[in-house]
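In what follows, a structure is listed as structure tokens, so that the remarks can point back to it.
Please treat every number below as a calculation from the coordinates, not as lab data. Please read these numbers as outputs of a predicted model, since none were measured by experiment. Every residue, glycine as well, gets a Cβ built from its backbone with ideal geometry; the counts of neighbours run over all protein chains shown.
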Amino acid sequence: MQVANSTSDLAQRLNPAIMTLRIIVVALVTGVVAFGVAAIVIRMQQAAAPANDAAELLTILGIAAALLALLLSRFVSGLFVANSRRQIASGQFGSPAGSSLNQTGGPQSSPGQLGDDDKLFTVYQTKTILSAALLEGAGFFNIVAFLLGGSPIALGLGLLLALAIASLFPRTSRVVEWIESQRRLMAEEKLLAR
């Protein structure tokens, strides 16, 4: 019962910050989708241009950008999480901007006052935004490639990348489970360090 209580307490305490992260993820998805819709409208109003080498090159570059963004969004955020977890475990983690999390809902005055769960949420938030930004950049690139070259492949990739960003939407249960798994990993790493 203690674990269930601490889990629900953590979920309740993190809800305002999770809501902020949800707004960020939805805004990133909306930006890519809105640009995609605008690109479709613009292309529909233009006369169909014959395919050319530049359009094909843009599509190929868009495919490469999408693959690279998907790989980097996993790899870079994974490195960031592992490094941050080690810093938290060793007591060296600090957030230069502080955090909006504390017991009373007011702003936190010092990173040193953050508990491990708050620090882990800060890491979760940063890794989510980092991953989403990488995907968003590739999504915009593909939509620009569609706008300039008319390739439906590029448009499809742009919209698929918007779906990949949407998959990062932070459900409260997913965030709490992630924090609990990171706590377990920190405990294991502390034991191995001895």
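Our Cα-only numbers for region 125-194 put the radius of gyration and Dmax at 17.9, 59 Å. Rounded to the nearest 0.05, the FRET efficiency derived from the C-beta distance between Leu163 and Ser90 at R0 = 35 Å is 0.40. Among Ile153, Ile165, Leu191, which residue has its Cα positioned farthest towards the positive end of the charge dipole of region 119-194, with +1 placed on the Cβ of Lys and Arg, -1 on the Cβ of Asp and Glu, and the dipole taken about the Cα centre? After comparing all options, I get Leu191. Once a ≥ b ≥ c are taken as the square roots of the eigenvalues of the Cα gyration tensor of region 1-90, is the result rounded (a/c under 1.5), prolate (a/b larger than b/c) or oblate (a/b not larger than b/c)? Taking the square roots of the gyration eigenvalues as a ≥ b ≥ c, region 1-90 is oblate. Each label point was placed 7 Å from the Cα along the Cα-to-Cβ direction; for Ile153 and Thr7 their separation is 4.5 nm.
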